[in-house]
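Have a look at the structure below, then the notes.
The values are calculated or read from the model by the stated rules, or taken from the named source; none is laboratory data. Values in this document were obtained by computation on a predicted structure and should not be read as measured data. Don't worry about glycine lacking a Cβ; one is built from the backbone with ideal geometry, like all the others, and counts go over all protein chains shown.
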Amino acid sequence: MPRRIGLMAVVLFGLLSVSARAETIQVTIDKLVFAPTEVNAKVGDTIEWVNKDALVHTATATNNDWNVNIPGNQSGKIVLKKAGAVDYFCKFHPNMKGRITVSP
Ligand SMILES: [Cu+2]
């Protein structure tokens, strides 16, 4: 019996540490393009945009949930708080578009 409880503890700990691990997902901005254009993430993950252009860009959610200013040759980040798919664009270059699909 004690051995079985020990095994269960190991399994539970493993599950908890997997679900608690938040990732940082990088999206590069290069020559007015978000790459990758679409990413999949989980609630609690961080999205970091790395701007390789000299221009200022933004990552602005079309549903107004968030807006990140990303100066030239710098980066900007957000932590995802809600599940769902979010389309975003750059305020200064509306042709720049991306999408983040956030699972719970
Ligand atoms: Cu831009």
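Filtering region 17-34 to residues that are exposed (fewer than 13 other Cβ atoms within 10 Å of the Cβ) and at pLDDT 95 or above leaves Glu23, Thr24, Asp30, Lys31. For Ala83, the conditions (1) free of Cβ contacts under 8 Å to residues at least 12 places away in the same chain; (2) touching a Ser or Thr at 6+ places or on another chain (Cβ under 8 Å); (3) more than 14 Å from the ligand (Cβ to nearest atom) are fulfilled apart from (1).
Do we find that Asn67 is over 16 Å from Ile25 (Cβ atoms) and exposed (fewer than 13 other Cβ atoms within 10 Å of the Cβ) in this structure? No, not satisfied.
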